[in-house]
Each structure stands twice: as structure tokens, then as C-alpha cells.
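Visitor: Here you go, one structure.
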Amino acid sequence: MAAPAAQSADLGVPRAPVAAEVMASGFTWTAVYGGLHAGYGFANTAISVPGAFGFSGIGSNGWLVGGKIGADYQFAQRWVAGVLAEGNLQGIDTVIGIGGVGNVKFSGDRRWAIRGRLGYLLTPETMLYVTGGFTQGRTTFSAPGGLGSVSFSANGWQIGGGVETRLSGNWFMYAEYIHTFSNSFGQFAPLSVKPTSGTARIGINYRFGGGSLYPTFAAPTRRNWSGFFAGVQAGYGFGNTTISAPPAFSFRGIGSQGVTGGVLAGYDHQFAGMNIVAGLEGDASLSDIKTTISGVGASASIGSDWNIGLRARLGYVMGGSIMPYVSAGYGWTHVKTSGLGGGFTQSLSGFQLGAGVETMLTANVALRAEYIHQFNSSRDLVPGILRTRTDNGRARVGITYKFGGEDAAVVARY
């Protein structure tokens, strides 16, 4: 009888609350998806006869649009693996203009690929990934005056990387760079004709299904993105030079490619009560983006060895941890030659356009992936007779440190 009495007495005594562990369910990246993308690319076709001649190469640049289907499987709280198939229509062209006749065009016009990818979740809704696999592309040669066209195909392989983030519901956005190494076209042996290309894309995916599989985790975010930042950046660049003698002749182009890297710094301002961020930034890079030509016992090269850019940028913060942005400004590129009787140097300048995605790794450290395109102004090689103009593009990643932090915090996104 004592036990029931004790229980009855407890009814009148307030109890302290008991803490219960509550784990947010999150969502899974395991899903089938489909999407569309668009972007811009360069190609550089190397031509050589082994042991006799080499030119590294013939340049192309232009647009691409495409679509993909794929499937991802989330096998841990932060890891995702998948496979995808994509197809592209392209206008990555080399054009020879002949006055009074028309244009001769070499166009990388179609490409498909099957790739795997492996991703790491920076936040529950943002994934950094690498990708690689098999590809096949078609190049079409078109002659003017109704003389027709002929197409050639070459297999190869691709590597790349990007950032994908959830916009809302089942809609996701991604930005990526894909580098393609093609085999030589077999029709021209013993002449080797081997293209290499790089394309920067932005796209939208829709994921079918989804559910609660892995619990969410704390994700870095900033309540205020205002402040100074500084960091380092590195990537890969292409260039394409047009030489013309108006109105008789033009050739687009002479291609170049290589690595680039350097520093960047700037200031961002997030408008009060808004997700909009505006800022100014500058960067300085050393590079080895060049074209080489070699023959028996001799060689020469021309390319850019440094670049400086100043740009304004405008971004939109999503969820506190990721910001897609666009940028525009002006850049200066230094060109250097060697092996041509001692060589020479000159500086090119032009308008810059860019786009990218920045995401917080910690409350003060950010990762960015971006593409910068520079439209250089024309120059006279021979005054009144021969002119030249170079376009170049750089796909790169960067790490920056955002100073301050009194308004920074690490919070869960659910």
C-alpha cells in the first residue's frame, strides 16, 4: 500500500522537464534527376607529324547548350556518388574568312558523354563534386559557296568539377567546368589532329523523389556578408587570337592554353534587410597560357604570362551559406613571345565578364568557383594592313578569408 500512496503524492508535485534528443530528419540526395545547362567554351587543336613538326594549336571558341539525366546515391551523411549522361549542341568554331568568297568553318558542333561523379556536402543542401568519364565529339568542316561539309568524330575522356546547391523544393542549380581530352582524328594519319577543350557551364536540375534518410548537420553561414576579404585562386585558361587583313582575310584563330593562379582581394556590402550583396574586387595572376610551334631543331612560343583584373560583382545570398554572383570590369593581359629572334612583349586590355558561386566553409572562410572572360581590344600588327584581337577565358577556384565575424555564426539550415 506504500507504493500507491507515494505515486498519489507525486501527482501534486511539479516535475522538471526531461530533455529528449531530437534529430532533424534532413533530406536525401539519393534521386534520379534531369536538367538543362548552357555555357561557353574554348578548344585548342594540336597538329603534329611526330619527329618533324608540331603546332599546339588552332583555336576555337563559342557557345554550348545541352541536357543531362543522372542518378545519385547518398551513402553517408556528407558523401554522394552518381552517374550521368549528357548531350550538347555547340558552336565552338574556328573561322577563316575569305573576302568575296565566304567563310570556311571548323565547328565542334556535337558532343555526348557518360561520367561518374563523387560529391562532398559542404552544407546539407550544397555539394562540391568532381566528375570524369568517356566522351565522343563531332567536328564539321564547312566550305563556302555551296561546296558542302564533312564531319569527323573522335573519342576521348573528360574530367571536371563543380558546385551544386538546392534552390527550392526539388530544384537545384549548379556551376561546373569540364575539360575534354580527345584522341586524334584517325582519318589524317600520319598527321595527328588532336583537340583539347574546356567549357564552363551553369545549369538547373530537377530531382525526382527524395525523402528523409540522413540527419542534417550544422552548416556554416553568415548573418552579414559585409566586409573585406582576401585570398588565393588557381585554374586553367584558354585564349583564341583572330588575325585579319580587312576586307580580304581573317583567321579565328590561334589557340593557347595553360595554368593560371594568383591572389585576389576586395570588399562586399550586404544591403540591410536584403539578401543582395554588391562589391568590388581585384585579382593578379601569373600564367603559362601559350601556343607553341616546333620544327626540326627550332621552336617558338607566344602566350600570356600575367593578368590583372578589376571588377564589380553582384550576388544573392541563399540560406546564409551560398551566393551565386555575376561580375563585370576591366582587365590587362601581358603577352610574351620567345624563339622569334629574341622575342617581344606587349600588353592587351579589355572588358571582363564573369559568373560564379561562393559558399562558406566556416564562418570566415569561403570557397568560390567562377569563370572570367576577357574581350581584348584590337591592335595593329602592321598599321593599316594587319590587325589582331584575342579573347581569353579562365575557369578557376579560390579560397578567401572574410575579415570581421562579429555577425558570423554556425547554424543548422533546418
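Visitor: Within the accessible area of the chain, what % is carbon and sulfur when the probe is 1.4 Å and the other protein chains stay in place?
Guide: In the chain, the share of accessible area belonging to carbon and sulfur is 67 percent.
Visitor: Quick one: Karplus J couplings for region 32-39, per residue in order, coefficients 6.51, -1.76, 1.60, θ = phi - 60°, nearest Hz, x for Gly and Pro?
Guide: Karplus-based 3J(HN,Hα) across region 32-39 equals 8, 9, x, x, 10, 8, 8, x Hz.
Visitor: Picking from Pro247, Pro124, Pro220, which is most flexible by a Gaussian network model of the chain using Cα springs under 10 Å?
Guide: Among Pro247, Pro124, Pro220, the largest mean-square fluctuation in the Gaussian network model of the chain belongs to Pro247.
Visitor: Another one. How much space per residue, in cubic angstrom, does the convex hull of the C-alpha atoms of region 47-134 take up?
Guide: 161 Å³
Visitor: Could I ask something else about it? Only one of the listed values, (1) 19.5; (2) 28.4; (3) 23.3, was derived from the coordinates as mean projected area of the Cα convex hull in nm²; which label is it?
Guide: (2)
Visitor: Report the relative contact order of the chain, percent, no decimals, based on alpha-carbon pairs under 8 angstrom and at least 6 residues apart.
Guide: 15 percent
Visitor: With a sphere of radius 10 Å drawn around the Cβ of Ser378, what net charge do the other residues whose Cβ falls strictly inside it have (Lys, Arg +1; Asp, Glu -1)?
Guide: Combined, the nearby Lys, Arg, Asp and Glu give +2.
Visitor: May I ask you to list the lysines whose Cα is less than 26 Å away from that of Lys290, ignoring any residue fewer than eight positions away on the same chain?
Guide: Filter leaves Lys105, Lys194, Lys336.
Visitor: So for region 277-366, taking the charge dipole from beta-carbon charges (+1 Lys/Arg, -1 Asp/Glu), which of Ser321, Phe351, Ser287 sits furthest toward the positive end?
Guide: Highest projection toward the positive end goes to Phe351.
Visitor: Hey, what does the equivalent ellipsoid look like for region 311-352, semi-axes from the Cα gyration tensor as sqrt of 5 times each eigenvalue, largest first, whole Å?
Guide: Working from the Cα gyration tensor, I get semi-axes of 39, 11, 5 Å.
Visitor: How about region 233-275: which chymotrypsin sites (Phe, Trp or Tyr not before Pro) there are in a DSSP loop, with at most 11 other Cβ atoms within 10 Å of their Cβ?
Guide: Listed in order of number, the matching sites are Phe271.
Visitor: Okay, moving on. Grab the other residues whose beta carbon is less than 9 angstrom from that of Arg311, score K and R as +1, D and E as -1, and report the net.
Guide: Here the charged neighbours net out to -1.
Visitor: Here is a further query. With unit charges on the beta carbons (Lys and Arg positive, Asp and Glu negative) and the dipole taken about the Cα centre of the chain, which residue among Gly169, His179, Ala154 sits farthest to the positive side?
Guide: Most positive-ward Cα: Ala154.
Visitor: Gaussian network model of the chain, Cα springs within a sub-10 Å range: biggest mean-square fluctuation belongs to which of Gln136, Gln346, Gln233?
Guide: Among Gln136, Gln346, Gln233, the largest GNM mean-square fluctuation belongs to Gln346.
Visitor: Within region 289-389, report the chymotrypsin sites (Phe, Trp or Tyr not before Pro) that DSSP leaves as loop and that have at most 14 other Cβ atoms within 10 Å.
Guide: For chymotrypsin sites (Phe, Trp or Tyr not before Pro) across region 289-389 that sit outside H, G, I, E and B with at most 14 neighbouring Cβ atoms in 10 Å, the list reads Phe344.
Visitor: Under the Karplus relation 6.51 cos²θ - 1.76 cosθ + 1.60, θ = phi - 60°, what is the ordered set of whole-Hz ³J(HN,Hα) values for region 313-321, x standing for Gly and Pro?
Guide: For region 313-321, the Karplus-derived couplings read 9, 9, x, 10, 7, 10, x, x, 10 Hz, x marking Gly and Pro.
Visitor: Can you list, largest first and rounded to whole Å, the semi-axes you get for region 225-275 by taking the square root of 5 times each eigenvalue of its Cα gyration tensor?
Guide: So the equivalent ellipsoid measures 40, 18, 8 Å along its semi-axes.
Visitor: Taking θ as phi - 60°, what are the ³J(HN,Hα) couplings along region 81-96 by the Karplus curve (6.51, -1.76, 1.60), each to the nearest whole Hz, with x for Gly and Pro?
Guide: So the Karplus estimates, Gly and Pro as x, are 10, x, 9, 8, 10, 9, x, 10, 9, 9, x, 8, 10, 10, 10, 10 Hz.
The values are calculated or read from the model by the stated rules, or taken from the named source; none is laboratory data. Computed from a predicted structure; not experimentally measured. With ideal geometry, Cβ positions are generated from the backbone for all residues, glycine too; neighbour counts draw on all protein chains shown. Just so you know, the surface numbers come from the protein's heavy atoms only, side chains and all, with ligands and any DNA or RNA stripped out. Shrake-Rupley method; radii C 1.70, N 1.55, O 1.52, S 1.80 Å.
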